[in-house]
Structure formats: C-alpha cells, structure tokens
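The values are calculated or read from the model by the stated rules, or taken from the named source; none is laboratory data. Given the structure is predicted, the values throughout are model-derived calculations rather than measurements. Counting neighbours? That spans all protein chains shown, and the Cβs are built from the backbone with ideal geometry, glycine included.
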Amino acid sequence: MYIAKALLVDDETSFLSVMSKRLASRDLDILTAAGGREGLDVLEKDPEVDVVILDVKMPGMDGLETLQEMRKRFPLVEVIMLTGHATVETAIDGMKSGAFDYLMKPCDIDKLIELVKEAKAKKAKHEEKIIQAQMKEITSRMAG
C-alpha cells in the first residue's frame, strides 16, 4: 500500500531519476514530469495524484507559474516546492500562492516524506468535507 500518489516535477532529468527511485523505495507511488506544462498534463490525465513536489526554478513555465495554474485547475492537490538557496523568496511567494510547504535542495528525504504525509492528510480532510457537504445537500433535497 502506498503512502500517497505524488508527482515530481523538475527539469533536471538526473534529479528526477534519482529522486523518483528514492521516493518509490519509501512507499510513494511516483509520477514524474520534466517541466510545468508536462506536470499539468499529468494531473489532467491522473486525478488520483495527492501531492505535487515541484521545483521552483525551471525554464519556460517556472515553479511559481505552475503552482498558480495547479491551484486554479486542481485546487485539492497539495504542492510542496523545492528550492535552491537563491530562490527562497520565490518559495515564500509560493506559500502565499497556496503551496503546502517548501524545502531547500538538496532536501532531507525523511523530511520530504513527512511533508508528503501531512499534505496528503490535508487533502483527504478537504475531500471528506466536500463529501459531507454533498451528502447533506442530497439528504436535505430528499427531505424537502
């Protein structure tokens, strides 16, 4: 049983390869994307993704733009941003734009796994609230 289904988005293919193996060995179901647009495409095709691990600095559509688009199109998916030293302000902007949290690269894998678990729990709680609201609406219609 997997802890969570996570999407790793980073333009560095060697990082994607190594990190996806490390995360998969810790019971994460991992998908990868080599950039922001590709990440959005993966989310479009796979509604089961719980958490996105998103690099801040990428060519083309950077992490912040990708995050903002993800928040618009997939509001329940939680996003953890990965950042190098030079982009801490960007990561903080990411938090303001709805990121769950951020970590410095290279990140501690155990800390990342902990954040993924917390982010998935937050998503599950939101989904539960939505289901409860829908049930309430259905039962009130039936009673009315």
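Worth pointing out:
- If you filter the stretch 59-76 down to residues that are out of contact with any helix residue (DSSP H, G or I) (no Cβ under 6 Å at 6 or more places or on another chain) and buried (at least 24 other Cβ atoms within 10 Å of the Cβ), you find that the one that is modelled with the lowest pLDDT is 63.
- Residue in the stretch 77-91 that is surrounded by the most Cβ atoms within 10 Å (Cβ to Cβ), counting only those that are at pLDDT below 80 and not acidic (Asp, Glu): 87
- Screening residue 32 on (1) in a helix (DSSP H, G or I); (2) crowded, with 19+ Cβ neighbours inside 10 Å; (3) among the hydroxyl-bearing types (Ser, Thr, Tyr) shows it passes everything except condition (1).
- Exactly one residue out of 43, 54, 82, 64 is closer than 23 Å to residue 107 by Cα and in a helix (DSSP H, G or I), and it is 64.
- Taken together, 49, 56 contain a single residue that is surrounded by 18 or more Cβ atoms within 10 Å (Cβ to Cβ), touching an Asp or Glu at 6+ places or on another chain (Cβ under 8 Å) and touching a residue at least 12 places away in the same chain (Cβ under 8 Å), which is 56.
- Residues of the stretch 96-140 satisfying the condition of being among the polar types (S, T, N, Q) and either touching a Ser or Thr at 6+ places or on another chain (Cβ under 9 Å) or part of a helix (DSSP H, G or I) (or both): 132, 134, 139, 140
- Residue 93 vs. criteria among the acidic types (Asp, Glu), under 15 Å from residue 79 (Cβ atoms) and touching a residue at least 24 places away in the same chain (Cβ under 8 Å): yes
- Set 112, 103: member being out of contact with any His (no Cβ under 8 Å at 6 or more places or on another chain) and modelled with pLDDT of 95 or more: 112
- The one condition from (1) part of a helix (DSSP H, G or I); (2) closer than 23 Å to residue 5 by Cβ that residue 93 does not meet is (2).
- Cβ-Cβ contacts under 6 Å between residues 6 or more apart (or on different chains), taken from a first residue in the stretch 32-44 that is within 11 Å of residue 66 (Cβ to Cβ) to a second residue that is outside any helix (DSSP H, G or I) and of a type in the set (D, E, K, R), are listed as 35/11.
- Selected residue [more than 23 Å from residue 108 (Cβ to Cβ) and assigned to a helix (DSSP H, G or I)] from 72, 21: 72
- On the stretch given as the stretch 6-29, residues that are aliphatic (A, V, I, L, M) and surrounded by fewer than 16 Cβ atoms within 10 Å (Cβ to Cβ) total 2.
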